[in-house]
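I have placed the structure first, in the form of structure tokens, so that the comments after it can refer back to it.
The values are calculated or read from the model by the stated rules, or taken from the named source; none is laboratory data. Just so we're clear, the structure is a prediction, and the values are computed from it rather than from any experiment. A quick note on method: Cβ atoms are made from the backbone with ideal geometry, for glycine too, and the neighbour counts reach across all protein chains shown. The accessibility values were calculated without ligands, DNA or RNA, using every heavy atom of the protein model including side chains. Shrake-Rupley method; radii C 1.70, N 1.55, O 1.52, S 1.80 Å.
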Amino acid sequence: MSTATPTRAPRRSGSRRRLDSSLIVGIALVAVIVIGAILVASVGRNFFSAGNIRDILTGMSVLGFVAIGQTLVILCASLDLSVPYVVSLSSLIAADLMAGNPANIPFAVLVVLVVAALIGLTNGLIVTKLKVNGFIATLGTGLIIKGYLDTNYKGTSGQVPWEFQLIGATGVGPVPVSTLLMLAVALGAAFFLARTRTGNHMFAVGGNEQVARLSGIRTARPLIVAHVLCSVTAALAGLLLASRLGVGSPVVGTQGGYDLLSIAAVVLGGTLLMGGRGSIWGTIGGVAIFAVVDNVMSVMQVNPFLKDVVRGVVIVAAVAVYTSRSLDRRRPRFTAGAEPPAAAEPAAVDAPKGGAA
Amino acid sequence: MSAVTSDRPSAGARLARLGRTLVSPRGAVFLLLIVLLIAIAVLNPSFAEPGQFIRFIQRVAPVAIVAIGQYFVIVGGEFDLSMGSVVTAQVVIAGNLIGQDEAKSLPVLLLMLAFGAFIGLVNGLIVTLLKVPSFIVTLGMMLALLGGTLYWTGGAATGNPADGFREIGRGGIRGIPVIDILPWSVVVLAAVLAAAIWFSKRPFGRTIIALGDNPTTARFSGTRNWWVKTSTFMISSLSATVAGVLLVGYAGVHPSVGRGYEFIAITAVVLGGVVLGGGRGWVVAAAAGAFALEALFTVLNFAGVPSTYRDAVQGAIIILAVAYSATTFRSRRRGRGIEASSDAPSQTSPDAATQTSPDAATQTSPAPAEERDAEASARPAPIPSTSRADNETKGGS
């Protein structure tokens, strides 16, 4: 790839990059499904049975919610490590406020979303106003929430009414309602990124904050909005978990490892960890890859500890496949010919929004 | 510095400079550490006794060693999230392979070091050659290594290395006058810290910082980037191995030993004023960050704060510490823009002096940092490498 001459480079890398983002994720997903189907067939089971597809889609929904929000934050070149604690906290608040009474559902959901939005607002303000790195800021707020949870909750708490549990339990054909809700949120987020001003500014701020500021963008606002939305989607994941479990749990978020897994899913979906490039649909593809791999391993009854080994290898291998297609994000400072590895990339940075549209 | 400058700075000026160092983000961790140690001594006077204090250092040693290893990776512009899993894996390896046979101690120790270096090599090569973000590589390594370790042990605590091996973590040189016992951990920590200081003063150590600051410049000045970066990962895995050896003796064999060490190490390093994204930081401050963190936990313990609030306080402290260093530097830079012309000449000479006398470097640290600042405003806006806040914080810690 680095052999491309400067004159040819723009068009070629442009077309290859369009191939890069969502399509590559799709290809990887299809490959994983094919391999999975073969493996599952080898132990005499049907991968495409309605029950199995429902299992996969169910597995996608919770991580999907968290990963959608995480995508927005990562697009802005920040991170959110506080999501698992937001998930736990919202499941507890929801279950406690509902207390088994269906009449309390709207109120409880509203409170959960407001609390989550406030947490996200705090994250965003710490990152933008106090200039704390997103990694540290959200690690810190996550620890603060963890301290609150550990102090005030000794175990599961609250009671979720049956009406609310139906959200996690019912489905349309083989498709669970929770997955449909997740996809609806994904659609909303994709629309937000592609069609609204703040959404577009997210790409600009994530791509290069200084250039964005010099172009007249208020760089703080997209970041704060991204953090708020990320916490809100984490809260939706917490609500969904509460509806599945029937109670709120202080460890449900950390047990799922949603912080690191959601970041892995986002990166698996082709979004750059350094921000500025990526798409929601790629993330959904990344989440689907995780769900399929997990499902295949459960069907084949892989040792639970070995599952982590496979997960780790899949994450690294998949991302290695994407990035081997030269994702050196740094714009060449000098002429394209002077910088050997990044020579094929000059057009890529010029159109950072291509991936999302 | 007095050797070069024409007018020797008076004692008062030196004191003022020391004071400025302590309030600067780079020195703030030492100030925090001193305040915390005094707080502990007030809450529990027996803590100030040498014997108790040396026990405190013994307890911090593994964390500090891990933080020193993490420092090299972070200052080189990357993350290592696999350290905790490496610690766990090494603890389990020691427990299972040594058993009660003391003769096996040395071969297994060598095997552990080789294993640690190998893990670092794999991490580093995937990061440098396959261009996968280090966050993802080490995250995958963390999952895979922990899963593999638990699979090997079946998820339960197994194995118990010979007492001779455990001595490294819990024993020490006895019969020393004032402190009664000098734990091996403290000796190991001192050796690791001395080696780290020596290493970061070597050309190779400086190259790591250059690489973290600007990979392109580093490459154009002839650095083999892939090898330098890979070696930082090997250093961090080796330091995790050393911490594992100490923890086997101190905490015993359990699959949960080492869990969360990666975040503790990153917290300690950041507390030490090292900038995430690379290029700025001092290894001694990173180690001091580990001490400050552990001292903070000790204060909370003595103050009777419920252990569940420990995390919350830790979270608040790291946010405040980083916010402090980020905002202080912003205001200082803004102020300097006006007086830069009058300031610059007097700053140059101490800067030149620091390069000739290495031990003066600790005292004059703010001067060269500010010097770099002045230059920073002249060059075009840096492109952020890994993290958002770089442009603001990179100014000078």
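Taking B:V4 as the residue in question, decide whether it is outside any helix (DSSP H, G or I), more than 30 Å from A:V316 (Cβ to Cβ), at pLDDT below 90 and hydrophobic (A, V, I, L, M, F, W, C).
It is true that B:V4 is outside any helix (DSSP H, G or I), more than 30 Å from A:V316 (Cβ to Cβ), at pLDDT below 90 and hydrophobic (A, V, I, L, M, F, W, C).
Collect the residues in region B:223-238 that are assigned to a helix (DSSP H, G or I) and either in contact with a Lys or Arg (Cβ under 6 Å, 6 or more places away or on another chain) or of a type in the set (D, E, K, R) (or both), keeping them in residue-number order.
B:N225, B:K229
Test each condition in (1) touching a Pro at 6+ places or on another chain (Cβ under 7 Å); (2) surrounded by fewer than 23 Cβ atoms within 10 Å (Cβ to Cβ); (3) within 16 Å of A:I68 (Cβ to Cβ) for A:M202 and report the one that comes out false.
Every condition holds for A:M202 apart from (2).
Listed here are the residues, each with its yes/no results for (1) among the β-branched types (V, I, T); (2) over 30 Å from B:L145 (Cβ atoms); (3) in contact with a strand residue (DSSP E or B) (Cβ under 9 Å, 6 or more places away or on another chain).
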residue: A:L229; (1), (2), (3): no, yes, no
residue: A:L239; (1), (2), (3): no, yes, no
residue: A:Q255; (1), (2), (3): no, no, no
residue: A:A265; (1), (2), (3): no, no, no
residue: A:L273; (1), (2), (3): no, no, no
residue: A:I289; (1), (2), (3): yes, no, no
residue: A:P304; (1), (2), (3): no, no, no
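Condition first: aromatic (F, W, Y) and at the interface with chain A (Cβ under 8 Å from one of its Cβ atoms). Now tell me which residues in region B:118-149 satisfy that.
Across region B:118-149, the qualifying residue is only B:F135.
Give me the residue from region A:72-121 that is among the polar types (S, T, N, Q) and away from chain B (no Cβ under 14 Å) and, out of that set, nearest to A:L272 (Cα to Cα).
So, considering only residues that are among the polar types (S, T, N, Q) and away from chain B (no Cβ under 14 Å), the one nearest to A:L272 (Cα to Cα) is A:S90.
Return the pair list, or none, for Cβ contacts closer than 6 Å from residues in region B:289-304 that are within 25 Å of B:L193 (Cα to Cα) to residues that are among the small types (G, A, S) and in a helix (DSSP H, G or I), at least 6 apart or on different chains.
Sorted first by the residue in region B:289-304, then by its partner, the pairs are B:G289/B:A268; B:A290/B:A64; B:A290/B:A67; B:A290/B:A268; B:L293/B:A268; B:V299/B:A39.
Within region B:124-133, can you find the residues that are surrounded by 24 or more Cβ atoms within 10 Å (Cβ to Cβ) and at pLDDT below 90?
B:V132
Which residues, counting only those in region A:122-137, are facing chain B (nearest Cβ under 7 Å) and open to solvent by 10 Å² or more (accessible area, probe 1.4 Å)?
The answer is A:I126, A:L130, A:K131, A:N133.
For region A:233-253, enumerate the residues that are within 17 Å of the chain's Cα centre (by Cα) and open to solvent by 30 Å² or more (accessible area, probe 1.4 Å).
A:L236
I need the full set of residues from region B:269-303 which are in a loop (DSSP other than H, G, I, E, B), within 14 Å of another protein chain (Cβ to nearest Cβ) and either closer than 19 Å to B:L43 by Cα or not small (G, A, S) (or both), in order please.
Of everything in region B:269-303, those that are in a loop (DSSP other than H, G, I, E, B), within 14 Å of another protein chain (Cβ to nearest Cβ) and either closer than 19 Å to B:L43 by Cα or not small (G, A, S) (or both) turn out to be B:V274, B:V275, B:L276, B:R280.
Name the helices (runs of 4 or more DSSP H) wholly inside region A:37-129 in which the number of residues that are over 21 Å from A:T271 (Cβ atoms), of a type outside the set (K, R) and free of Cβ contacts under 8 Å to residues at least 24 places away in the same chain is 2 or more.
Per the criteria, A:105-128.
So that you can scan it fast, the table gives a plain yes or no per residue for (1) farther than 30 Å from A:Q159 by Cα; (2) of a type in the set (V, I, T); (3) buried (at least 24 other Cβ atoms within 10 Å of the Cβ):
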site: A:Q255; (1), (2), (3): no, no, no
site: A:L260; (1), (2), (3): no, no, no
site: A:A264; (1), (2), (3): yes, no, yes
site: A:G269; (1), (2), (3): yes, no, yes
site: A:L272; (1), (2), (3): yes, no, no
site: A:G276; (1), (2), (3): yes, no, yes
site: A:I280; (1), (2), (3): yes, yes, yes
site: A:I284; (1), (2), (3): yes, yes, yes
site: A:V287; (1), (2), (3): no, yes, yes
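Of (1) under 30 Å from B:F79 (Cα atoms); (2) part of a helix (DSSP H, G or I), B:F165 satisfies all except one. Which?
Unmet condition: (1).
Answer yes or no: is there a residue in region B:81-97 that is part of a loop (DSSP other than H, G, I, E, B), within 22 Å of B:A195 (Cβ to Cβ) and of a type outside the set (A, V, I, L, M).
Yes, the conditions are met somewhere in region B:81-97.
Being over 20 Å from B:I65 (Cα atoms), open to solvent by less than 40 Å² (accessible area, probe 1.4 Å) and either without any contact (Cβ under 8 Å) to a residue 12 or more places away in the chain or in a helix (DSSP H, G or I) (or both) narrows it down to one of B:L211, B:L189, so name that one.
B:L211
Among the residues of region B:20-64, count how many are within 23 Å of the chain's Cα centre (by Cα), more than 29 Å from B:G84 (Cα to Cα) and modelled with pLDDT under 85.
5
Give region B:89-123 a look and list any residue that's open to solvent by less than 10 Å² (accessible area, probe 1.4 Å), modelled with pLDDT of 90 or more and small (G, A, S), or say none.
B:A89, B:G116, B:G120, listed by residue number.
If B:V86 satisfies every condition in (1) aliphatic (A, V, I, L, M); (2) buried (at least 24 other Cβ atoms within 10 Å of the Cβ); (3) facing chain A (nearest Cβ under 10 Å) but one, which is the exception?
In the conditions (1) aliphatic (A, V, I, L, M); (2) buried (at least 24 other Cβ atoms within 10 Å of the Cβ); (3) facing chain A (nearest Cβ under 10 Å), B:V86 misses (3) alone.
When you look at B:A210, is it within 24 Å of B:M112 (Cα to Cα) and of a type in the set (A, V, I, L, M), yes or no?
Spelling it out, it is not the case that B:A210 is within 24 Å of B:M112 (Cα to Cα) and of a type in the set (A, V, I, L, M).
When you go through (1) in a helix (DSSP H, G or I); (2) away from chain A (no Cβ under 14 Å); (3) surrounded by fewer than 22 Cβ atoms within 10 Å (Cβ to Cβ) one by one for B:W152, which number turns out not to apply?
For B:W152, the failing item is (2).
Is it true that A:T151 is of a type in the set (S, T, Y) and buried (at least 18 other Cβ atoms within 10 Å of the Cβ)?
Spelling it out, it is not the case that A:T151 is of a type in the set (S, T, Y) and buried (at least 18 other Cβ atoms within 10 Å of the Cβ).
The rows are residues; the columns are (1) open to solvent by less than 50 Å² (accessible area, probe 1.4 Å); (2) hydroxyl-bearing (S, T, Y); (3) modelled with pLDDT of 90 or more; (4) more than 23 Å from A:T323 (Cβ to Cβ).
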{"residue": "A:V32", "(1), (2), (3), (4)": "yes, no, no, no"}
{"residue": "A:V40", "(1), (2), (3), (4)": "yes, no, no, yes"}
{"residue": "A:V43", "(1), (2), (3), (4)": "no, no, no, yes"}
{"residue": "A:F48", "(1), (2), (3), (4)": "no, no, no, yes"}
{"residue": "A:V62", "(1), (2), (3), (4)": "yes, no, yes, yes"}
{"residue": "A:G69", "(1), (2), (3), (4)": "yes, no, yes, yes"}
{"residue": "A:L97", "(1), (2), (3), (4)": "no, no, yes, yes"}
{"residue": "A:N101", "(1), (2), (3), (4)": "no, no, no, yes"}
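Okay, residues lined up against (1) modelled with pLDDT under 85; (2) open to solvent by less than 20 Å² (accessible area, probe 1.4 Å):
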{"residue": "B:V269", "(1), (2)": "no, yes"}
{"residue": "B:G273", "(1), (2)": "yes, yes"}
{"residue": "B:G277", "(1), (2)": "yes, yes"}
{"residue": "B:G289", "(1), (2)": "no, yes"}
{"residue": "B:E294", "(1), (2)": "no, no"}
{"residue": "B:T298", "(1), (2)": "no, yes"}
{"residue": "B:S307", "(1), (2)": "yes, no"}
{"residue": "B:Q314", "(1), (2)": "yes, yes"}
{"residue": "B:I317", "(1), (2)": "yes, no"}
